[in-house]
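These notes concern the structure reproduced below.
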Amino acid sequence: MTFRALLTQGYDTLFYAEVQTPLLDAVVLLAHAMGVTKERLLASLPEEAPAGAEERFRGFLDLRCAGVPVSYIRRVKEFYGLEFYVDERVLVPRPDTEVLVEKVLQVVRADPSLRRVHDACTGSGCVAVSLKHAAPGLEMSASDISAPALQVAALNAERILGSPLPSFASDLLDSVPGSFDLIASNPPYLRDDEVEGLRKLGWREPELALAGGGDGTGLAQRLIRAAPARLNPGGWLMLEAAPQQITKLFALMDQAGFHTIDVEKDLAGASRVIAGRLPPGARPPSAFLAEERLPASLSSPPSAVSDAEVENG
């Protein structure tokens, strides 16, 4: 059977399984089965497919029809020009999270005194590793409540950077030592009802990586309250969030003493990242630093993984 015929069959299979991007997924999975690039595959469409590649491709199609994301099948996801290992222990990195990386780089490049940077809820490590790769002079560290996620992050640091990053098993910042010039985080920010809907669909990504509490802002609120005590004067807190959450988080940052607050948009033009800076002279008054008790629905352990929006595959 030719590669063209296989690709057509793969498209039909995924289309009738109601996969949202059947042609793209079929191309990516067939290229993966062959062990070649998409470009090489498309140049080989008239050629006969080896029996082994055909068998592997059909196995990949079965997994995709069962709801397994393409990135889990391939065990890789491209992010910020790098290839990250991913599996069921972590959320698949999303392009929207690159906005967070870009904002951090913009700020640290404009002010070389900002060197100590921490990535909370690191998940696959895509934010921390991308930042260290793009700006090697940063004193970069990472943390996550999920031990399995930290294993994936450590693997990516070794593969991409050639050495590990300081990493901590921690509920947000609770067990992370030291103070920082900038704290970045892509905490889980799906609402409870959204998580429940995904659970019913048999979503494969870890729930811990998705659940942000009742309205999705539970973990972001905790970070906003905790960060001023962990930031150096003039330090920044940067958070990814859902567009509809930004207004609420803006008000909370203002109340917590952040005097410069920026909002960055994603490629679709939606508000995606909020960044606040403390006054350069001193930390905010201690009244802002006391962390309030969260409602019970928001007090469960936070997720380790970046981005909380679902992936097509």
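Values as computed for the structure displayed
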item	result
Residue in the range 267-298 that is surrounded by the most Cβ atoms within 10 Å (Cβ to Cβ), counting only those that are charged (D, E, K, R) and at pLDDT below 95	Arg283
Among the candidates Ala229, Ala241, residue that is under 23 Å from Ala149 (Cβ atoms), among the aliphatic types (A, V, I, L, M) and modelled with pLDDT of 90 or more	Ala241
Set Gly67, Gly52, Gly59, Gly10: member being buried (at least 16 other Cβ atoms within 10 Å of the Cβ) and of a type in the set (Gly, Ala, Ser)	Gly10
Pair list, Cβ under 7 Å, 6 or more apart: the range 187-200 residue without any contact (Cβ under 8 Å) to a residue 24 or more places away in the chain, other residue in a loop (DSSP other than H, G, I, E, B)	Val195/Leu210
Residue in the range 147-202 that is farthest from Leu239 (Cα to Cα), counting only those that are hydroxyl-bearing (Ser, Thr, Tyr) and surrounded by 14 or more Cβ atoms within 10 Å (Cβ to Cβ)	Ser167
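The values are calculated or read from the model by the stated rules, or taken from the named source; none is laboratory data. Being a predicted model, the structure only gives us computed values, none of them experimental. No Cβ is skipped: glycine too gets one built from the backbone with ideal geometry, and neighbour counts run over all protein chains shown.
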